[in-house]
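Student: Just passing along the structure, written as structure tokens.
Nothing in this text is a laboratory measurement; each read-out follows from the coordinates by a stated rule. Remember, predicted model here, so these are calculated numbers, not experimental data. Don't worry about glycine lacking a Cβ; one is built from the backbone with ideal geometry, like all the others, and counts go over all protein chains shown.
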Ligand code: GLU
């Protein structure tokens with residue numbers, strides 16, 4: 001490991017498990033304040049943080065009066081009761097810093113369906129621009145069994161991928177990955193650094209967290225999360241959260257496992273856009289728009305001359321000059337029919353034609369990759 005990865009990161013996703021948030025089904029206010037203090041230190045030095053917090057079920061269940069929650073709908077009801085309690089506890093923790101928290105509940109749909117993914121990302125970007133702390137949880141009360149993450153480790157990794165984070169921190173009750181389960185094997189070896197995420201690590205991750213009864217993520221899900229982050233060029237840190245300095249400890253000598261991919265979020269995103277998505281249509285653009293794209297701008301409707309193919313918002317499309325030369329690829333924020341009606345228009349005229357206020361760009365600059373796309 002070289003350098004201080006915590007201080008070096010620009011956009012962080014921090015995941016906190018139920019055992020950190022709740023004890024005896026009540027919020028752990030003192031710890032949440034320690035966390036808020038560390039998050040505030042990061043924000044003050046210009047870093048952006050998205051918090052992924054579990055604890056809705058843990059905080060809600062005692063209010064349900066059914067004892068242990070056996071049925072899925074009981075858990076979902078507990079989450080519905082607990083989620084506002086979770087937000088209230090987090091809001092209290094940040095109050096002395098005058099920092100706003102914002103609840104964003106996601107289902108697997110938002111992270112796996114590009115159309116919805118674009119919306120969720122735009123919301124998170126707006127919250128980060130407003131210097132708020134977005135607090136994400138799975139929308140447990142509506143997510144159905146086969147369509148839910150069930151653990152926030154992988155949800156946090158998907159969020160890291162969505163917002164282009166460069167660091168994912170999984171705060172847990174174990175200080176990282178071991179060669180075997182340290183609670184059973186006295187010879188278990190702590191692994192501080194991984195820069196080659198081979199399948200061997202999945203073998204090592206056997207044995208669940210001691211708190212698996214409270215939260216749902218064991219080492220296996222943490223490693224699965226790290227793998228998602230890895231493909232997105234995002235580093236992962238796994239460490240103990242229950243410390244006086246839950247985040248700052250990562251800049252010190254405290255034990256952790258760091259999983260560091262060879263790519264950056266930017267290069268991973270470019271590779272994903274150029275390599276993995278088959279184009280469903282074409283946007284033909286004028287010379288002015290083509291040169292604006294070269295200097296890093298988004299593609300606006302005014303620069304679009306024509307559209308080919310039938311596609312929906314969120315589709316991958318080729319971006320071509322009027323002579324047919326393909327100059328790049330991107331994810332479109334509008335489907336064919338809308339683009340046909342707004343092509344060539346200035347942004348302020350778009351809402352009247354569309355009948356709703358859509359995104360200003362047809363393809364956002366973060367969703368464009370330029371160059372000779374195979
Ligand atoms: N979404 C669940 C909750 O808030 C927790 C999932 C997990 O523990 O990873 O209770």
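Student: Two-decimal Rg/Rh of region 208-319 from alpha-carbon positions, Kirkwood Rh?
Tutor: 1.19
Student: Calculate how steeply helix 29-44 sits against the longest principal axis of the alpha-carbon atoms of the chain, using the helix alpha-carbon long axis, and give the answer as 0 to 90 degrees to the nearest 10.
Tutor: Tilt relative to the chain: about 40 degrees.
Student: On to the next question. Show me the ranking of peptides 37-50, 170-183 by mean Cβ neighbours inside 10 Å, starting with the highest.
Tutor: Packing proxy ranking, top to bottom: 170-183, 37-50.
Student: So how tilted is helix 72-95 from the main axis of the chain? Cα-based, degrees 0 to 90, rounded to 10.
Tutor: Helix 72-95 sits roughly 90 degrees off the main axis of the chain.
Student: Could you work out how far the C-alpha centroid of region 297-369 sits from that of region 250-278, in angstrom?
Tutor: 29
Student: Further, regarding this structure: State the antiparallel share, in %, of DSSP beta bridges confined to region 9-151, rounding to the nearest 5.
Tutor: 10
Student: Something else now. Across all directions of projection, what mean area in square nanometres is found for the Cα convex hull of the chain?
Tutor: Result: a mean projected hull area of 20.3 nm².
Student: Just to confirm the number: angle between the C-alpha axis of helix 265-275 and the first principal axis of the chain, 0 to 90 degrees, nearest 10?
Tutor: Rounded to the nearest ten degrees, it is 50.
Student: Additional query: For the chain, what is the mean residue ellipticity at 222 nm derived from helices alone (per DSSP H run of n ≥ 4: -39500 (n - 2.57); sum divided by total residues; nearest 500 deg cm²/dmol)?
Tutor: Only helices count here, giving -11000 deg cm²/dmol.
Student: Here's a follow-up. By average Cβ neighbour count within 10 Å, what is the ranking of 326-333, 129-136 from highest down?
Tutor: So the order, starting with the most tightly packed, is 326-333, 129-136.
Student: Please give the Cα centre distance for region 1-31 versus region 121-159, rounded to the nearest Å.
Tutor: 15
Student: What is the spin-label model distance, in nm, from residue 365 to residue 96 if the labels are put 7 Å beyond Cα along the C-beta direction?
Tutor: 4.0
Student: Let a ≥ b ≥ c be the square roots of the eigenvalues of the Cα gyration tensor of region 77-150; is it rounded (a/c under 1.5), or, if not, prolate (a/b larger than b/c) or oblate?
Tutor: Here region 77-150 falls in the oblate category.
Student: Another question, if that's okay. To the nearest 0.05, what FRET efficiency results for residue 351 and residue 130 with a Förster distance of 35 Å applied to their C-beta separation?
Tutor: Once rounded, the FRET efficiency stands at 0.95.
Student: Counting only DSSP beta bridges with both residues in region 180-338, tell me the antiparallel percent, nearest 5.
Tutor: Within region 180-338, antiparallel bridges account for around 65 percent of the total.
Student: Please identify which residues in region 317-345 have an amide N closer than 13 Å to a label point set 7 Å out from the Cα of residue 310, following the Cα→Cβ vector.
Tutor: Inside the label zone: 336-337.
Student: Arrange the peptides 295-302, 8-15 so that the one whose residues have, on average, the most other Cβ atoms within 10 Å appears first.
Tutor: 8-15, 295-302
Student: On full extension of the chain, what length is gained from residue 103 through residue 220, given 0.36 nm per residue of separation minus the C-alpha to C-alpha distance?
Tutor: The span from residue 103 to residue 220 would gain 39.4 nm if fully extended.
Student: Between residue 123 and residue 173, what is the spin-label point distance in nm, taking each point 7 Å from the Cα along the Cα→C-beta axis?
Tutor: 3.1
Student: Determine the gain in length on full extension of the stretch residue 254-residue 29; use 0.36 nm per residue of separation and subtract their C-alpha separation, reporting nm with one decimal.
Tutor: Using 0.36 nm per residue and subtracting the Cα-Cα distance, I get 78.7 nm.
Student: Hey, another quick one. Taking 2.2 N^0.38 Å as the expected size of a compact globular protein, what ratio does the Cα radius of gyration of region 1-129 give against it, to two decimals?
Tutor: Here the Cα radius of gyration is 1.17 times the empirical estimate.
Student: Please compute the Kirkwood hydrodynamic radius over region 305-374, one decimal place, Å, based on all pairs of different Cα atoms.
Tutor: Roughly 12.6 Å, rounded to one decimal.
Student: Using a Förster radius of 30 Å, what is the FRET efficiency between residue 199 and residue 272 based on their Cβ-Cβ separation? Nearest 0.05, please.
Tutor: 0.85
Student: Between residue 112 and residue 323, what's the calculated FRET efficiency when r is the beta-carbon distance and R0 is 41 Å? Round to 0.05.
Tutor: Plugging the Cβ-Cβ distance into 1/(1 + (r/R0)^6) gives 0.65.
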